[in-house]
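These notes are about the structure you will find just below.
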Amino acid sequence: MVKPQTLRLCPRGDLDPREVRCVSLERDEQGRPREALVLLDERGEVRAYLNRCEHLPIPLDAGSREFLTEDGAHLRCGTHGALFRREDGLCVLGPCKDESLLALPIRIAADGWVELIE
């Protein structure tokens, strides 16, 4: 059996509920850059999503590095204002309503690092 590869994203203890950590990933098959958005949801659970809107294949922040609404309740697409729930990435408002951000498979390693399972 082949052991899954992992990529260390950030220490769990460095995550703050008022921030989103953006981590570079390998480029996609077309050579475009990719990023993981690592954050805590309302219950303090670690979540990771691909930084790509489901309406248009562009980064959520459009380069601004601002991902959250003012109240911090949702991830926001900086291009068209869609709102995504933190706990599952579901779009609740906007042109991609009822679609979800791509959740990335993660785990918390024994040393406390958030790891992407590839």
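The values are calculated or read from the model by the stated rules, or taken from the named source; none is laboratory data. Only a predicted model underlies this, so the values are computations on that prediction, with no experimental measurement involved. Cβ placement follows ideal geometry from the backbone for every residue including glycine, while neighbour counts extend to all protein chains displayed.
Points to keep in mind about this one:
- Test result for Leu93, under 18 Å from Pro17 (Cβ atoms) and at pLDDT 95 or above: no
- Residue match in the range 84-92 (condition: buried (at least 17 other Cβ atoms within 10 Å of the Cβ), outside any strand (DSSP E or B) and in contact with a Ser or Thr (Cβ under 9 Å, 6 or more places away or on another chain)): yes
- Glu70 being exposed (fewer than 12 other Cβ atoms within 10 Å of the Cβ) and touching a residue at least 60 places away in the same chain (Cβ under 8 Å): no
- Search result, residues across the range 11-44 that are in contact with a Phe, Trp or Tyr (Cβ under 9 Å, 6 or more places away or on another chain) and assigned to a loop (DSSP other than H, G, I, E, B): Glu19, Val20
- You will find that of Arg47, Arg8, the residue that is in contact (Cβ under 8 Å) with a residue 12 or more places away in the chain, in a strand (DSSP E or B), in contact with a strand residue (DSSP E or B) (Cβ under 7 Å, 6 or more places away or on another chain) and surrounded by 14 or more Cβ atoms within 10 Å (Cβ to Cβ) is Arg47 and no other.
- You will find that of Asp61, Asp41, the residue that is within 14 Å of the chain's Cα centre (by Cα) and closer than 21 Å to Ala109 by Cβ is Asp41 and no other.
- Of the listed requirements (1) more than 15 Å from Tyr49 (Cβ to Cβ); (2) outside any loop (DSSP other than H, G, I, E, B), Gly72 misses just one: (2).
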